[in-house]
Amino acid sequence: MNGATGTQVNTADGGGGGGDPVGVQIQQSRRLPDFLQSVNLKYVKLGYHYLISHLLTLCLIPVMAVILVDVSQMNPDDIRQLWLHLQYNLVSVIICSAVLVFGSTVYIMTRPRPVYLVDYSCYKAPENLKAPYERFMQHSRLTGDFDESSLEFQRKILERSGLGDETYVPEAMHQLPPQPSMQAAREEAEQVMFGALDKLFANTSVKPKKIGVLVVNCSLFNPTPSLSAMIVNKYKLRGNIRSFNLGGMGCSAGVIAVDLAKDMLQVHRNTYAVVVSTENITQNWYFGNKKSMLIPNCLFRVGGSAVLLSNKSVDRRRAKYKLVHAVRTHRGADDKAFRCVYQEQDDAGKTGVSLSKDLMAIAGGALKTNITTLGPLVLPISEQLLFFGSLIIKKIFNKHIKPYIPDFKLAFDHFCIHAGGRAVIDELEKNLQLTQVHVEASRMTLHRFGNTSSSSIWYELAYIEAKGRMKKGNKVWQIAFGSGFKCNSAVWQALRNVKPSPDGPWEDCIDRYPVKVVS
(Lines give C-alpha, C1' and ligand atoms only; values in the text may rest on other atoms or scores of the structure.)
Protein backbone atom coordinates (compact mmCIF):
# COMPACT_ATOMS: atom_id res chain seq x y z
CA MET A 1 0.00 0.00 0.00
CA ASN A 2 2.81 2.39 0.84
CA GLY A 3 4.21 2.94 -2.63
CA ALA A 4 4.36 5.78 -5.13
CA THR A 5 0.90 6.94 -6.03
CA GLY A 6 1.82 9.96 -8.09
CA THR A 7 -1.11 12.16 -7.06
CA GLN A 8 0.07 15.66 -6.22
CA VAL A 9 -1.87 17.72 -3.68
CA ASN A 10 -1.52 21.25 -2.35
CA THR A 11 -3.62 22.19 0.65
CA ALA A 12 -3.87 25.24 2.86
CA ASP A 13 -3.71 23.21 6.04
CA GLY A 14 -1.76 20.19 7.23
CA GLY A 15 -4.84 18.08 7.87
CA GLY A 16 -6.52 17.28 11.10
CA GLY A 17 -10.15 17.49 12.09
CA GLY A 18 -12.35 20.46 12.74
CA GLY A 19 -12.00 24.04 11.60
CA ASP A 20 -13.35 25.79 8.57
CA PRO A 21 -13.20 24.01 5.24
CA VAL A 22 -10.20 25.04 3.20
CA GLY A 23 -9.74 25.27 -0.53
CA VAL A 24 -8.16 22.25 -2.12
CA GLN A 25 -6.18 22.41 -5.34
CA ILE A 26 -4.76 19.37 -7.05
CA GLN A 27 -1.79 20.17 -9.25
CA GLN A 28 0.81 18.42 -11.32
CA SER A 29 3.53 20.89 -10.34
CA ARG A 30 5.93 18.32 -8.90
CA ARG A 31 6.83 16.00 -11.69
CA LEU A 32 9.62 13.65 -12.51
CA PRO A 33 12.63 15.58 -13.81
CA ASP A 34 12.39 16.29 -17.54
CA PHE A 35 15.07 13.97 -18.87
CA LEU A 36 14.62 14.63 -22.57
CA GLN A 37 17.05 16.46 -24.80
CA SER A 38 15.85 19.71 -26.34
CA VAL A 39 16.49 18.49 -29.91
CA ASN A 40 14.98 15.29 -31.21
CA LEU A 41 17.57 13.79 -33.57
CA LYS A 42 15.30 10.89 -34.46
CA TYR A 43 16.62 9.98 -37.89
CA VAL A 44 20.26 10.61 -37.02
CA LYS A 45 19.80 8.29 -34.03
CA LEU A 46 18.34 5.54 -36.20
CA GLY A 47 21.35 5.60 -38.51
CA TYR A 48 23.74 5.78 -35.58
CA HIS A 49 21.98 2.90 -33.83
CA TYR A 50 22.18 0.72 -36.95
CA LEU A 51 25.87 1.51 -37.47
CA ILE A 52 26.93 0.79 -33.87
CA SER A 53 24.75 -2.32 -33.56
CA HIS A 54 26.40 -3.83 -36.63
CA LEU A 55 29.88 -2.43 -35.95
CA LEU A 56 31.38 -5.79 -35.04
CA THR A 57 29.97 -7.37 -38.19
CA LEU A 58 31.26 -4.52 -40.32
CA CYS A 59 34.73 -4.87 -38.78
CA LEU A 60 34.79 -8.66 -39.22
CA ILE A 61 33.90 -8.53 -42.91
CA PRO A 62 37.35 -7.30 -44.11
CA VAL A 63 39.12 -9.67 -41.66
CA MET A 64 37.16 -12.64 -43.01
CA ALA A 65 37.86 -11.51 -46.55
CA VAL A 66 41.64 -11.49 -45.90
CA ILE A 67 41.48 -14.96 -44.29
CA LEU A 68 39.50 -16.37 -47.21
CA VAL A 69 42.00 -14.93 -49.69
CA ASP A 70 44.94 -16.51 -47.80
CA VAL A 71 43.17 -19.88 -47.56
CA SER A 72 42.33 -19.86 -51.26
CA GLN A 73 46.04 -19.42 -52.08
CA MET A 74 47.13 -22.47 -50.07
CA ASN A 75 48.21 -25.57 -52.01
CA PRO A 76 48.16 -29.23 -50.85
CA ASP A 77 51.78 -29.02 -49.65
CA ASP A 78 50.91 -26.14 -47.33
CA ILE A 79 48.03 -28.15 -45.82
CA ARG A 80 50.37 -31.19 -45.41
CA GLN A 81 52.98 -29.09 -43.59
CA LEU A 82 50.31 -27.75 -41.23
CA TRP A 83 49.20 -31.28 -40.37
CA LEU A 84 52.79 -32.43 -39.70
CA HIS A 85 53.32 -29.41 -37.46
CA LEU A 86 50.32 -30.42 -35.36
CA GLN A 87 51.53 -34.03 -35.16
CA TYR A 88 54.94 -33.03 -33.79
CA ASN A 89 53.35 -30.72 -31.22
CA LEU A 90 51.08 -33.30 -29.61
CA VAL A 91 51.82 -32.02 -26.10
CA SER A 92 50.62 -28.52 -27.04
CA VAL A 93 47.45 -29.95 -28.55
CA ILE A 94 46.73 -32.02 -25.42
CA ILE A 95 47.34 -29.05 -23.09
CA CYS A 96 45.11 -26.78 -25.15
CA SER A 97 42.37 -29.42 -25.23
CA ALA A 98 42.59 -29.95 -21.45
CA VAL A 99 42.36 -26.22 -20.79
CA LEU A 100 39.37 -25.99 -23.13
CA VAL A 101 37.56 -28.88 -21.42
CA PHE A 102 38.33 -27.54 -17.93
CA GLY A 103 37.16 -24.04 -18.82
CA SER A 104 33.95 -25.37 -20.37
CA THR A 105 33.23 -27.47 -17.27
CA VAL A 106 33.77 -24.53 -14.91
CA TYR A 107 31.53 -22.32 -17.05
CA ILE A 108 28.71 -24.89 -17.13
CA MET A 109 28.92 -25.51 -13.37
CA THR A 110 29.05 -21.84 -12.30
CA ARG A 111 26.74 -20.11 -14.77
CA PRO A 112 23.41 -18.90 -13.36
CA ARG A 113 20.61 -21.39 -13.73
CA PRO A 114 17.75 -20.12 -15.89
CA VAL A 115 14.59 -19.24 -13.98
CA TYR A 116 11.33 -19.88 -15.80
CA LEU A 117 7.94 -18.34 -15.13
CA VAL A 118 5.62 -21.30 -15.63
CA ASP A 119 2.41 -19.32 -15.05
CA TYR A 120 0.83 -16.75 -12.76
CA SER A 121 -2.65 -15.77 -11.62
CA CYS A 122 -4.34 -12.59 -10.41
CA TYR A 123 -7.12 -12.43 -7.83
CA LYS A 124 -10.46 -11.03 -8.92
CA ALA A 125 -12.82 -10.07 -6.11
CA PRO A 126 -16.57 -10.89 -6.20
CA GLU A 127 -19.04 -8.40 -7.63
CA ASN A 128 -20.45 -7.41 -4.26
CA LEU A 129 -17.13 -5.79 -3.28
CA LYS A 130 -17.16 -3.24 -6.09
CA ALA A 131 -16.87 0.38 -4.99
CA PRO A 132 -18.25 2.79 -7.62
CA TYR A 133 -17.39 6.46 -7.26
CA GLU A 134 -20.81 7.55 -5.94
CA ARG A 135 -21.04 4.69 -3.43
CA PHE A 136 -17.52 5.42 -2.21
CA MET A 137 -18.34 9.08 -1.55
CA GLN A 138 -21.69 8.32 0.04
CA HIS A 139 -20.13 5.71 2.30
CA SER A 140 -17.31 8.08 3.30
CA ARG A 141 -19.88 10.70 4.28
CA LEU A 142 -22.02 8.25 6.27
CA THR A 143 -19.09 6.99 8.35
CA GLY A 144 -19.02 10.38 10.09
CA ASP A 145 -15.22 10.36 10.35
CA PHE A 146 -14.48 12.98 7.68
CA ASP A 147 -15.19 16.72 7.74
CA GLU A 148 -16.47 18.59 4.67
CA SER A 149 -12.98 19.67 3.65
CA SER A 150 -11.75 16.07 3.66
CA LEU A 151 -14.78 14.84 1.72
CA GLU A 152 -14.24 17.50 -0.94
CA PHE A 153 -10.56 16.57 -1.08
CA GLN A 154 -11.36 12.90 -1.66
CA ARG A 155 -13.88 13.82 -4.34
CA LYS A 156 -11.25 15.79 -6.27
CA ILE A 157 -8.71 13.00 -5.92
CA LEU A 158 -11.16 10.41 -7.24
CA GLU A 159 -12.14 12.59 -10.20
CA ARG A 160 -8.53 12.78 -11.38
CA SER A 161 -7.29 9.42 -10.16
CA GLY A 162 -7.86 7.41 -13.33
CA LEU A 163 -9.87 4.79 -11.43
CA GLY A 164 -13.10 3.43 -12.88
CA ASP A 165 -16.31 2.29 -11.19
CA GLU A 166 -15.40 -1.42 -10.98
CA THR A 167 -12.56 -1.44 -8.45
CA TYR A 168 -12.91 -3.39 -5.20
CA VAL A 169 -12.66 -2.61 -1.49
CA PRO A 170 -12.77 -5.26 1.27
CA GLU A 171 -15.93 -6.45 2.96
CA ALA A 172 -15.20 -4.58 6.20
CA MET A 173 -15.24 -1.24 4.35
CA HIS A 174 -18.71 -1.91 2.92
CA GLN A 175 -20.22 -2.09 6.39
CA LEU A 176 -21.63 0.88 8.29
CA PRO A 177 -19.86 1.64 10.44
CA PRO A 178 -16.71 0.01 8.96
CA GLN A 179 -15.36 -2.98 10.89
CA PRO A 180 -11.53 -2.97 10.45
CA SER A 181 -10.80 -5.80 12.87
CA MET A 182 -7.89 -8.24 12.93
CA GLN A 183 -10.28 -11.06 12.01
CA ALA A 184 -11.61 -9.10 9.02
CA ALA A 185 -8.06 -8.39 7.88
CA ARG A 186 -7.19 -12.08 8.09
CA GLU A 187 -10.28 -12.93 6.05
CA GLU A 188 -9.29 -10.44 3.35
CA ALA A 189 -5.76 -11.87 3.22
CA GLU A 190 -7.08 -15.42 2.97
CA GLN A 191 -9.56 -14.57 0.23
CA VAL A 192 -6.93 -12.84 -1.89
CA MET A 193 -3.99 -15.21 -1.38
CA PHE A 194 -5.94 -18.46 -1.49
CA GLY A 195 -8.02 -17.25 -4.42
CA ALA A 196 -4.90 -16.54 -6.48
CA LEU A 197 -3.15 -19.75 -5.41
CA ASP A 198 -6.16 -22.01 -6.09
CA LYS A 199 -6.28 -20.64 -9.62
CA LEU A 200 -2.50 -21.02 -10.08
CA PHE A 201 -2.41 -24.64 -8.94
CA ALA A 202 -5.43 -25.49 -11.10
CA ASN A 203 -3.91 -23.92 -14.23
CA THR A 204 -0.46 -25.47 -13.81
CA SER A 205 -1.47 -28.87 -12.39
CA VAL A 206 1.40 -28.53 -9.90
CA LYS A 207 0.76 -30.16 -6.53
CA PRO A 208 1.44 -27.92 -3.50
CA LYS A 209 3.78 -30.56 -2.06
CA LYS A 210 6.13 -29.91 -5.00
CA ILE A 211 6.79 -26.32 -3.90
CA GLY A 212 10.26 -25.89 -2.39
CA VAL A 213 10.37 -22.09 -1.95
CA LEU A 214 7.60 -19.73 -0.84
CA VAL A 215 7.94 -15.94 -0.77
CA VAL A 216 5.03 -13.74 0.38
CA ASN A 217 5.09 -9.95 0.40
CA CYS A 218 2.53 -7.67 2.05
CA SER A 219 3.64 -4.28 3.27
CA LEU A 220 1.21 -3.20 6.01
CA PHE A 221 -0.39 -6.36 7.38
CA ASN A 222 1.99 -8.76 9.12
CA PRO A 223 0.15 -10.93 11.67
CA THR A 224 1.47 -13.79 13.75
CA PRO A 225 1.59 -16.50 12.50
CA SER A 226 2.79 -14.90 9.27
CA LEU A 227 0.99 -14.80 5.92
CA SER A 228 3.44 -17.37 4.56
CA ALA A 229 2.58 -19.66 7.50
CA MET A 230 -1.11 -19.25 6.66
CA ILE A 231 -0.37 -20.55 3.15
CA VAL A 232 1.74 -23.44 4.46
CA ASN A 233 -1.13 -24.42 6.77
CA LYS A 234 -3.83 -24.09 4.12
CA TYR A 235 -2.10 -26.17 1.44
CA LYS A 236 -0.18 -28.48 3.80
CA LEU A 237 3.16 -27.63 2.20
CA ARG A 238 6.11 -29.84 3.02
CA GLY A 239 8.03 -29.43 6.26
CA ASN A 240 11.38 -28.46 4.72
CA ILE A 241 9.98 -25.63 2.57
CA ARG A 242 12.02 -22.41 2.53
CA SER A 243 9.40 -19.78 3.33
CA PHE A 244 9.85 -16.02 3.58
CA ASN A 245 7.51 -13.22 4.61
CA LEU A 246 8.43 -9.70 3.41
CA GLY A 247 6.78 -6.74 5.15
CA GLY A 248 7.02 -2.97 5.03
CA MET A 249 8.63 -2.87 1.57
CA GLY A 250 5.92 -1.03 -0.36
CA CYS A 251 4.57 -1.37 -3.88
CA SER A 252 7.87 -2.51 -5.40
CA ALA A 253 8.11 -5.56 -3.11
CA GLY A 254 6.76 -7.85 -5.84
CA VAL A 255 10.02 -7.48 -7.79
CA ILE A 256 12.01 -7.93 -4.56
CA ALA A 257 10.12 -11.17 -3.89
CA VAL A 258 10.87 -12.43 -7.42
CA ASP A 259 14.55 -11.55 -6.97
CA LEU A 260 14.68 -13.46 -3.66
CA ALA A 261 12.98 -16.48 -5.24
CA LYS A 262 15.48 -16.33 -8.11
CA ASP A 263 18.41 -16.41 -5.68
CA MET A 264 16.90 -19.38 -3.86
CA LEU A 265 16.44 -21.23 -7.14
CA GLN A 266 20.15 -20.73 -7.89
CA VAL A 267 21.00 -22.64 -4.72
CA HIS A 268 18.33 -25.35 -4.61
CA ARG A 269 18.18 -27.54 -7.69
CA ASN A 270 15.19 -29.01 -9.43
CA THR A 271 12.41 -27.25 -7.52
CA TYR A 272 9.53 -24.79 -7.75
CA ALA A 273 9.15 -21.39 -6.11
CA VAL A 274 5.87 -19.57 -5.51
CA VAL A 275 5.74 -15.79 -5.07
CA VAL A 276 2.57 -14.27 -3.59
CA SER A 277 2.19 -10.47 -3.75
CA THR A 278 -0.66 -8.60 -2.10
CA GLU A 279 -1.64 -5.69 0.14
CA ASN A 280 -4.22 -5.57 2.90
CA ILE A 281 -6.73 -2.72 2.99
CA THR A 282 -8.95 -3.64 5.94
CA GLN A 283 -6.78 -2.49 8.83
CA ASN A 284 -5.05 0.27 6.91
CA TRP A 285 -7.97 2.51 5.95
CA TYR A 286 -7.42 6.02 7.26
CA PHE A 287 -10.30 7.58 9.22
CA GLY A 288 -8.79 11.01 9.85
CA ASN A 289 -8.67 14.37 8.13
CA LYS A 290 -4.99 14.90 7.30
CA LYS A 291 -4.88 15.48 3.55
CA SER A 292 -1.57 13.74 2.81
CA MET A 293 -2.90 10.58 4.51
CA LEU A 294 -6.26 10.51 2.70
CA ILE A 295 -4.83 9.80 -0.76
CA PRO A 296 -4.27 6.04 -0.20
CA ASN A 297 -8.00 5.65 0.63
CA CYS A 298 -8.83 6.95 -2.84
CA LEU A 299 -6.30 4.89 -4.82
CA PHE A 300 -5.59 1.54 -3.18
CA ARG A 301 -7.88 -1.39 -3.86
CA VAL A 302 -8.13 -5.14 -3.23
CA GLY A 303 -5.87 -7.33 -5.37
CA GLY A 304 -3.13 -9.95 -5.33
CA SER A 305 -1.10 -12.29 -7.51
CA ALA A 306 0.59 -15.69 -7.33
CA VAL A 307 3.55 -16.58 -9.55
CA LEU A 308 5.05 -20.03 -10.16
CA LEU A 309 8.79 -20.08 -10.93
CA SER A 310 10.92 -23.08 -11.79
CA ASN A 311 14.58 -23.95 -12.40
CA LYS A 312 13.75 -27.29 -14.02
CA SER A 313 14.96 -27.57 -17.62
CA VAL A 314 11.89 -29.67 -18.51
CA ASP A 315 9.64 -26.72 -17.63
CA ARG A 316 11.09 -24.55 -20.39
CA ARG A 317 8.73 -26.15 -22.91
CA ARG A 318 5.59 -25.12 -21.04
CA ALA A 319 6.82 -21.93 -19.35
CA LYS A 320 5.61 -18.53 -20.49
CA TYR A 321 8.71 -16.48 -19.73
CA LYS A 322 12.34 -16.61 -18.68
CA LEU A 323 13.68 -14.15 -16.11
CA VAL A 324 16.44 -12.12 -17.75
CA HIS A 325 17.30 -9.47 -15.15
CA ALA A 326 16.20 -8.17 -11.75
CA VAL A 327 17.60 -4.77 -10.76
CA ARG A 328 16.94 -3.16 -7.38
CA THR A 329 17.61 0.45 -6.34
CA HIS A 330 17.35 1.69 -2.75
CA ARG A 331 17.48 5.37 -1.76
CA GLY A 332 16.82 4.88 1.95
CA ALA A 333 20.11 6.51 2.99
CA ASP A 334 18.57 9.87 2.07
CA ASP A 335 16.29 11.20 4.83
CA LYS A 336 13.78 12.80 2.46
CA ALA A 337 13.51 9.62 0.41
CA PHE A 338 13.15 7.53 3.56
CA ARG A 339 10.22 9.60 4.87
CA CYS A 340 8.41 10.41 1.62
CA VAL A 341 6.02 7.46 2.11
CA TYR A 342 5.64 7.07 5.85
CA GLN A 343 3.20 5.22 8.10
CA GLU A 344 2.41 7.33 11.16
CA GLN A 345 -0.31 8.72 13.41
CA ASP A 346 -1.91 12.11 12.87
CA ASP A 347 -2.53 14.67 15.61
CA ALA A 348 -5.73 12.83 16.59
CA GLY A 349 -3.86 9.54 17.02
CA LYS A 350 -5.29 7.92 13.85
CA THR A 351 -2.89 5.77 11.85
CA GLY A 352 -2.36 6.15 8.11
CA VAL A 353 0.25 6.40 5.38
CA SER A 354 1.46 9.93 4.67
CA LEU A 355 2.69 10.90 1.19
CA SER A 356 5.27 13.68 0.92
CA LYS A 357 4.93 16.57 -1.55
CA ASP A 358 8.44 15.60 -2.79
CA LEU A 359 7.32 12.11 -3.79
CA MET A 360 7.55 12.60 -7.56
CA ALA A 361 10.99 14.23 -7.44
CA ILE A 362 12.30 11.41 -5.23
CA ALA A 363 10.77 8.82 -7.55
CA GLY A 364 12.59 10.52 -10.45
CA GLY A 365 15.92 10.21 -8.68
CA ALA A 366 15.31 6.55 -7.89
CA LEU A 367 14.32 5.92 -11.51
CA LYS A 368 17.52 7.52 -12.81
CA THR A 369 19.62 5.35 -10.51
CA ASN A 370 17.74 2.23 -11.56
CA ILE A 371 18.04 2.78 -15.29
CA THR A 372 21.73 3.63 -14.89
CA THR A 373 22.17 0.07 -13.60
CA LEU A 374 19.68 -1.56 -15.95
CA GLY A 375 20.80 0.22 -19.13
CA PRO A 376 24.11 -1.61 -19.68
CA LEU A 377 22.35 -4.94 -19.21
CA VAL A 378 19.62 -4.47 -21.81
CA LEU A 379 20.38 -1.60 -24.18
CA PRO A 380 22.14 -1.95 -27.54
CA ILE A 381 25.72 -0.66 -27.56
CA SER A 382 24.67 2.42 -29.52
CA GLU A 383 22.43 3.67 -26.72
CA GLN A 384 24.98 2.75 -24.06
CA LEU A 385 27.64 4.90 -25.71
CA LEU A 386 25.31 7.88 -25.88
CA PHE A 387 24.20 7.37 -22.30
CA PHE A 388 27.66 7.07 -20.75
CA GLY A 389 29.00 9.80 -22.99
CA SER A 390 26.38 12.18 -21.61
CA LEU A 391 27.25 11.18 -18.04
CA ILE A 392 30.95 11.92 -18.63
CA ILE A 393 30.18 15.29 -20.20
CA LYS A 394 27.85 16.14 -17.32
CA LYS A 395 30.48 15.15 -14.76
CA ILE A 396 33.36 17.07 -16.36
CA PHE A 397 31.83 20.16 -17.88
CA ASN A 398 28.45 21.07 -16.41
CA LYS A 399 26.54 19.44 -13.61
CA HIS A 400 23.37 21.19 -14.75
CA ILE A 401 23.26 19.47 -18.15
CA LYS A 402 20.22 17.20 -18.42
CA PRO A 403 21.23 13.54 -18.57
CA TYR A 404 20.53 11.61 -21.73
CA ILE A 405 17.75 9.06 -21.25
CA PRO A 406 18.26 6.05 -23.52
CA ASP A 407 15.54 4.86 -25.87
CA PHE A 408 14.29 1.85 -23.95
CA LYS A 409 11.91 1.00 -26.80
CA LEU A 410 15.00 -0.47 -28.50
CA ALA A 411 15.37 -2.93 -25.61
CA PHE A 412 11.77 -3.76 -24.66
CA ASP A 413 8.61 -4.60 -26.54
CA HIS A 414 6.23 -4.11 -23.59
CA PHE A 415 6.19 -2.00 -20.43
CA CYS A 416 4.44 -2.77 -17.14
CA ILE A 417 4.70 0.45 -15.12
CA HIS A 418 3.33 0.08 -11.61
CA ALA A 419 -0.21 1.48 -11.61
CA GLY A 420 0.48 3.62 -8.55
CA GLY A 421 -1.28 6.67 -9.86
CA ARG A 422 -2.08 8.59 -12.98
CA ALA A 423 0.76 11.11 -12.57
CA VAL A 424 3.44 8.40 -12.36
CA ILE A 425 2.25 6.81 -15.60
CA ASP A 426 1.99 10.20 -17.33
CA GLU A 427 5.52 11.21 -16.40
CA LEU A 428 7.16 7.92 -17.34
CA GLU A 429 5.32 8.00 -20.67
CA LYS A 430 6.68 11.48 -21.31
CA ASN A 431 10.23 11.13 -20.05
CA LEU A 432 10.92 7.66 -21.48
CA GLN A 433 9.34 8.74 -24.78
CA LEU A 434 6.79 5.92 -24.71
CA THR A 435 3.68 5.75 -26.85
CA GLN A 436 0.10 5.41 -25.61
CA VAL A 437 0.19 1.72 -26.53
CA HIS A 438 3.23 1.19 -24.29
CA VAL A 439 1.42 2.57 -21.22
CA GLU A 440 -2.03 1.23 -22.11
CA ALA A 441 -1.73 -1.80 -19.84
CA SER A 442 -0.81 0.41 -16.87
CA ARG A 443 -3.62 2.92 -17.45
CA MET A 444 -6.27 0.25 -17.96
CA THR A 445 -5.14 -1.70 -14.90
CA LEU A 446 -5.43 1.47 -12.82
CA HIS A 447 -8.90 2.06 -14.28
CA ARG A 448 -10.22 -1.47 -13.81
CA PHE A 449 -8.54 -2.62 -10.58
CA GLY A 450 -7.08 0.53 -9.00
CA ASN A 451 -3.69 0.54 -7.31
CA THR A 452 -3.28 -3.04 -6.09
CA SER A 453 0.21 -2.28 -4.81
CA SER A 454 2.91 -4.87 -5.59
CA SER A 455 0.58 -7.07 -7.65
CA SER A 456 -0.37 -4.37 -10.18
CA ILE A 457 2.45 -5.28 -12.60
CA TRP A 458 0.94 -8.77 -12.96
CA TYR A 459 -2.52 -7.42 -13.82
CA GLU A 460 -0.75 -5.35 -16.47
CA LEU A 461 1.08 -8.35 -17.91
CA ALA A 462 -2.23 -10.23 -17.98
CA TYR A 463 -3.73 -7.32 -19.95
CA ILE A 464 -0.99 -7.55 -22.60
CA GLU A 465 -1.57 -11.29 -22.92
CA ALA A 466 -5.35 -10.88 -23.11
CA LYS A 467 -4.86 -8.46 -26.01
CA GLY A 468 -2.77 -11.09 -27.84
CA ARG A 469 0.29 -8.86 -28.04
CA MET A 470 2.91 -11.07 -26.38
CA LYS A 471 4.92 -12.84 -29.08
CA LYS A 472 7.82 -15.28 -28.83
CA GLY A 473 11.06 -13.46 -28.07
CA ASN A 474 9.35 -10.27 -26.81
CA LYS A 475 10.89 -8.64 -23.77
CA VAL A 476 8.80 -6.97 -21.09
CA TRP A 477 9.99 -4.49 -18.46
CA GLN A 478 8.22 -4.48 -15.10
CA ILE A 479 9.06 -1.40 -13.06
CA ALA A 480 7.69 -0.40 -9.66
CA PHE A 481 8.25 2.23 -6.97
CA GLY A 482 7.90 1.67 -3.25
CA SER A 483 8.47 3.12 0.19
CA GLY A 484 11.96 3.29 1.53
CA PHE A 485 12.39 4.73 -1.16
CA LYS A 486 12.90 2.06 -3.84
CA CYS A 487 12.70 1.59 -7.59
CA ASN A 488 12.92 -2.01 -8.79
CA SER A 489 12.87 -3.60 -12.25
CA ALA A 490 12.34 -7.10 -13.62
CA VAL A 491 12.93 -8.09 -17.25
CA TRP A 492 11.24 -11.14 -18.77
CA GLN A 493 11.51 -12.73 -22.21
CA ALA A 494 8.59 -14.61 -23.76
CA LEU A 495 9.45 -18.21 -24.65
CA ARG A 496 6.46 -18.56 -26.97
CA ASN A 497 3.43 -16.68 -28.23
CA VAL A 498 1.75 -16.25 -24.87
CA LYS A 499 -1.98 -16.69 -24.50
CA PRO A 500 -3.92 -15.67 -21.39
CA SER A 501 -4.39 -18.38 -18.78
CA PRO A 502 -7.91 -19.68 -18.03
CA ASP A 503 -10.03 -17.58 -15.69
CA GLY A 504 -7.78 -14.55 -16.03
CA PRO A 505 -8.65 -11.15 -14.51
CA TRP A 506 -9.51 -9.64 -17.91
CA GLU A 507 -11.45 -12.60 -19.30
CA ASP A 508 -14.90 -11.02 -19.03
CA CYS A 509 -14.00 -7.42 -19.88
CA ILE A 510 -11.01 -7.26 -22.24
CA ASP A 511 -13.27 -6.45 -25.21
CA ARG A 512 -14.33 -3.22 -23.45
CA TYR A 513 -10.75 -2.01 -23.16
CA PRO A 514 -9.02 0.30 -23.74
CA VAL A 515 -11.42 2.94 -22.48
CA LYS A 516 -10.95 6.69 -22.52
CA VAL A 517 -10.05 7.98 -19.08
CA VAL A 518 -11.67 11.33 -18.29
CA SER A 519 -9.15 14.10 -17.53
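Beta-bridge orientation, the chain: approximately 70 percent antiparallel, per DSSP, counting only bridges with both partners inside.
Peptide packing: for 115-122, 490-497, the average count of neighbouring Cβ atoms within 10 Å per residue gives the ranking 115-122, 490-497, highest mean first.
A dipole drawn for the chain from +1 and -1 charges on Cβ atoms has a positive end, and of His438, Ile425, Leu377 the residue lying farthest that way is Leu377. The listed residues His447, His418, once ranked by accessible area (1.4 Å probe) with the largest placed first, stand as His447, His418. Treating r as the C-beta distance of Glu134 and Lys210 and R0 as 60 Å, the FRET efficiency rounds to 0.80.
From the protein chains alone at 1.4 Å, what is the descending order of accessible area for Leu246, Leu176, largest first?
Leu176, Leu246
Here segment 445-519 is assigned +1 on the Cβ of each Lys and Arg and -1 on the Cβ of each Asp and Glu. Its dipole about the Cα centre then comes out at about 360 debye. With contacts taken as Cα pairs under 8 Å at a separation of at least 6 residues, segment 459-519 carries a relative contact order of 39 percent. Ranking Ala196, Met293, Gly250 by how far each Cα lies toward the positive end of the dipole of the chain (charges on Cβ) leaves Ala196 at the top. Each of Asp503, Asp145 has its accessible area taken with a 1.4 Å probe; listed largest first, they run Asp503, Asp145.
What is the local net charge at Gly352, summed over the other residues whose Cβ is closer than 10 Å to its Cβ (Lys, Arg +1; Asp, Glu -1)?
Details: positive: Lys290, Lys350; negative: Glu344, Asp346.
Around Gly352, the charge tally is 0.
Only four residue types carry charge here, +1 at the Cβ of Lys and Arg and -1 at the Cβ of Asp and Glu. Report the dipole size of segment 342-471 about the Cα centre in Debye, rounded to the nearest 20. The calculated dipole for segment 342-471 is roughly 360 debye. With 5 Å bins from zero, work out the P(r) of segment 249-294 over every alpha carbon pair and list the percent per bin. Percent of Cα pairs in each bin: 4, 17, 18, 15, 12, 10, 8, 7, 5, 3, 1. Please give the calculated 222 nm ellipticity per residue for the chain, where each DSSP H segment of at least 4 residues contributes -39500 (n - 2.57) and the sum is spread over every residue; nearest 500 deg cm²/dmol? When only DSSP H runs of four or more count, the value is -13500 deg cm²/dmol. Surface composition of the chain: carbon plus sulfur atoms contribute 57% of the solvent-accessible area (1.4 Å probe, protein chains only, all chains present).
When +1 charges are put on Lys and Arg Cβ atoms and -1 charges on Asp and Glu Cβ atoms, the dipole computed for segment 88-220 relative to its Cα centre reaches about 940 debye.
Taking label positions 7 Å along the Cα-Cβ direction at both Lys395 and Val324, the computed distance is 2.6 nm, reported to one decimal.
In the context of the full set of protein chains, residues of segment 292-370 present 40 Å² of accessible surface per residue (probe radius 1.4 Å, heavy atoms only). In this structure Arg301 has an accessible area near 10 Å², from a 1.4 Å probe over the protein heavy atoms. Between Gln73 and Ile94, full extension at 0.36 nm per residue minus the direct alpha carbon distance yields a gain of 4.6 nm. With contacts taken as Cα pairs under 8 Å and at least 6 residues apart, the chain reaches a relative contact order of 24 percent. When the C-alpha to C-alpha distance is required to be over 20 Å, the pairs from Lys199/Lys234; Lys336/Lys395; Lys156/Lys336; Lys394/Lys486 that qualify are Lys336/Lys395; Lys156/Lys336; Lys394/Lys486. Were the residues from Gln436 through Gln266 laid out at 0.36 nm apart, the gain over their Cα-Cα distance would be 57.5 nm. Each label was represented as a point 7 Å from its Cα along the Cα-to-Cβ direction; for Val517 and Thr373 these points are 2.7 nm apart.
The values are calculated or read from the model by the stated rules, or taken from the named source; none is laboratory data. Computed from a predicted model, the values in this text were never measured in an experiment. Neighbour counts run over all protein chains shown; Cβ positions are idealised from the backbone, glycine included. Remember, those area values only see protein heavy atoms, side chains included, never the ligands or the DNA or RNA. Shrake-Rupley method; radii C 1.70, N 1.55, O 1.52, S 1.80 Å.
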